[in-house]
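Data block below; observations after.
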Amino acid sequence: MKIMQQTNKRLLTSILAALFVIFLGNFTYAQEATEHAEQAHEKEPFNPGTYIIEHIGDSYEWHIFTYHDHHVSLPLPVILYSEHTGFHFFMSSKFEHGHKKYNRFHIDHRAGATKGKILETLSDGTTLERPWDVSITKNTLSLLLSLIFLLWLFISIANAYKRNKDKAPKGMQSLLEPLILFIRDDIAKASIAHHAEKYIPYLLSIFFFIFFNNLFGLIPIIPGGANLTGNIAVTMVLAIFTFIITSVNANKSYWKHLIDAPGVPWWLKFPLPLMPLVEIMGIFIKPFVLMIRLFANITAGHIIALGFFSLIFIFGNLNMYAGYGISILSIAFTVFMTVLEFLVAFIQAYVFALLSALYFGMATEESH
Amino acid sequence: MGLVTPDFGLLFWMILSFSIVLFLLKKFAWKPILSALKEREDFIEQALQSAEKAKEEMSKLQASNEKIIKEARNERDRLLVEAREVKATIINDAKEQATVEGNKMIEAAKRAIENEKASALNEIKNSIANLSIEIAEKILKENLSSSVNQQKVMDTYLNEVKLN
C-alpha cells in the first residue's frame, strides 16, 4: 500500500515537472533547436571565465536549463526608450537567446563595456548610443519577487502579531521573532543612542532584504539563482539609502566635527585642511565601502562555487573520466562553499545593518 | 568592467520598488510588529510585577494570618485564665454567700425556734395555770363544803395577802 502511494507520488511529481517544462518551453521559439543544431557541431571550448561571469551577471532572460543545445529559459519583458524611436516594449524571446536582431535592437556580444546589453543599430550598421534600458531583467524580476515575498511574509507575520496579541509567537512568527528582536536590541538600540526606534524599520527592512536575497541567490534553480545582492546597482541603492538617512538625520555636531574635528592638532586643519578633507571623504567612503563589501562578498562566493563546478567541465574536456572523477571533489567543495555561504548570507546582512546603525548613531550622537 | 558598473535599469527598478516596499513594510509590517512586541513585553513585565506583588502580598497576608492566629491563641489562653479566675471567684462568692445565707437562715430558724419555744412555754404555763385553777376549783368545791374549812382557807389567803 505504502509503495503504491510512493509510486503514485513519484508519478505525480514527474507529470508536474513535465508540464512545467512544456509550459516554459512554449515561451521559447520552436525553431531554435534546428538552428542551434548547426552551431553545435563546431563545439566551442569551455571557457570558465565567460561561464562564471554569465552566471553572476544580469540577463534579459531567465535561463532554466539547456538540453542538447536547446535552451529553455523564461523570457522577460524588454522596456527601452530610444531617443530616436521612442518607447519599445517586447519580450526578450524575440532575441532568441541573443542570436537574432529584433527591430533595430540586438544584444551586444563584443567584449567591452556594453557586452550583454541591448544596442540600437541603423540599417547601415552604425551603432547609436545605448537606449535607456529599464527592462525587467533576471535581477529585476528576482528583485520584484523577493520584495513581494518580503511584503507577504512580514505582513502575514504582522497579522499574526495582531491575532496572537500578548501571546507566545507561533510558526513563522516565532522563527523570525529572534531576528527581529536581535536587530531591534543588539543592532539598533545598541548603536543608536537617541531615538533608535526611528531607524528600526529601515534596519529591519535592509537586513531581511539582504538576508533573504543572499539565501535566494544560493538556490541554483528558478526562482532563485539571481545574483541580486552581488549586483553593484542593488548594493549601491542600499548604500545610498543609508547615506541619505545618515545625512538627513545628522545633527549639528556631526557636521561641525567634519570641519573641526576635536582633539586634532591645529596644523592638520590650517592652513592645509587635511583632517576636514579626510573627514569629508569619509562620509562618502562609508557608504561606498558598504556597497563594495556586500557586492564583493556575495559575488566572490558565487564565483568560488561556480569555479568548483567549472573544474568538472575543464577536466571533462580533457578526459571524460577525469571529469567524473573531479566531480566528486568539486561537489564536496561546492557543498562546503554553500554551507559557508549560508553563514556569509547572514553575516553580510548583519554587517550591513550594523554598520548602517553605527553610522546613524554617529550622525545623531550628542557632542560631549 | 560590466560587473562593477551599475546598470541603469536595475538602479531605476531598485530605487523605485525598494522605496515603495520600505514604505509599505514600515507601515503595514514593522509598525504593528514592533508595537505588538513592545506591548507584549510591557504585558509580560506587568504580569511579572503583579505576580511579584501578589507574592509579596501573599507572604504579608500569611504573616498577618500567623499574627492573627497567634493573637487568637493568646486571647484564648488569656480568656481561659480569666475564665478560671472568674470560676474561682464565682465559686468563692457563692460559697461565701451560701455561708452567709445559711447563717442567716440558721439565725432565723434559731429565732423562730426561740419564739416557738417561748410561746410554747407560755402556753404550757397558761394550761398549767388553768389546770391548777380547775384542780383548785374542784378541791375547793370539795373542801369548802364545810364552814370550818372555809374559814381556814379564808385565813390562809388573807395571810398570804398580808404577806404581799
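We did not get these values from a lab; they are worked out from the coordinates using the rules stated. It should be emphasised that the depicted structure is a prediction, and the values quoted were computed from it without experimental measurement. Cβ coordinates were reconstructed from backbone atoms using ideal geometry, including for glycine residues, and neighbour counts include every protein chain displayed.
Numbers for the structure displayed
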quantity	calculated
Inter-centroid distance (Cα atoms) of region A:273-342 relative to region A:178-216, Å	26
For A:Phe243, A:Phe295, A:Phe288, A:Phe87, order by how many other beta-carbon atoms lie within 10 Å, fewest first	A:Phe87, A:Phe288, A:Phe243, A:Phe295
Under 19 Å from B:Lys152, Cα to Cα: aspartates and glutamates that are on another chain or at least 8 residues apart	B:Glu137, B:Glu142, B:Glu160
Ellipticity estimate at 222 nm from DSSP helix runs (n ≥ 4, -39,500 (n - 2.57)) divided over chain A, nearest 500	-20000 deg cm²/dmol
Partners for B:Lys60 among lysines (Cα-Cα distance below 25 Å; same-chain residues under 8 apart left out)	B:Lys70
Cα-based shape type of region A:133-246, given that a ≥ b ≥ c are square roots of the gyration tensor eigenvalues and the cut on a/c is 1.5	oblate
When each of A:Lys198/A:Lys256; A:Lys117/B:Lys27; A:Lys198/B:Lys55; A:Lys167/B:Lys55 is checked by Cα-Cα distance, pairs over 27 Å	A:Lys117/B:Lys27; A:Lys198/B:Lys55
FRET efficiency, 1/(1 + (r/R0)^6) with R0 51 Å, evaluated for B:Met105 and B:Asn130 via beta carbons	0.90
Listed residues B:Val21, B:Val100, B:Val86, most fluctuating in chain B (Gaussian network, C-alpha, under 10 Å)	B:Val21
Cα centre as origin, Lys/Arg/Asp/Glu Cβ charges: region B:52-164 dipole, Debye	220
Chain A: most fluctuating residue of A:Pro271, A:Pro178, A:Pro77 per GNM, C-alpha cutoff 10 Å	A:Pro271
A:His63 long-range amide H proximity, modeled H, under 5 Å	A:Leu74
Ranked A:Asp108, A:Asp166, B:Asp7, B:Asp93, criterion: other C-beta atoms within 10 Å, fewest first	B:Asp93, A:Asp166, A:Asp108, B:Asp7
Inter-label distance, nm, simple model (7 Å from Cα along the C-beta direction), B:Ala83/B:Thr5	11.0
Average other protein chain Cβ within 10 Å of Cβ, residues A:150-163	5
Unit charges at the beta carbon, dipole of the protein assembly as shown: most positive-side option, A:Pro131, A:Leu228, A:Ile347	A:Ile347
Cα-projected label distance for A:Thr338 with A:Phe90, points at 7 Å along beta-carbon direction, nm	3.8
Residue exposure sequence - B:Ile44, A:Ile314 - by fewest surrounding Cβ within 10 Å	B:Ile44, A:Ile314
D_trans [Stokes-Einstein, Kirkwood Rh over alpha-carbon pairs] for chain A, 20 °C, 1.002 mPa s, µm² s⁻¹	88
Calculated FRET value between A:Val351 and B:Ser35, using beta carbons and R₀ = 35 Å, to 0.05	0.80
At R0 = 22 Å, FRET efficiency that the Cβ-Cβ distance of B:Glu45 and A:Asn159 yields, to 0.05	0.35
Principal-axis tilt of helix B:147-163 within chain B, Cα atoms, nearest 10 degrees	50
Kirkwood hydrodynamic radius of region B:2-159, Cα pairs, Å	30.2
Total charge dipole magnitude, the protein assembly as shown, about the Cα centre, Cβ charges on Lys, Arg, Asp, Glu only, Debye to nearest 20	480
Chain A: DSSP helices with Cα axial extent of at least 24 Å and average Kyte-Doolittle hydropathy no lower than -1.0	A:2-25, A:138-163, A:200-218, A:232-249, A:274-318, A:320-363
Dipole of the protein assembly as shown [Lys/Arg +1, Asp/Glu -1 at C-beta], most positive-end residue of A:Ser247, A:Ile155, B:Ser119	B:Ser119
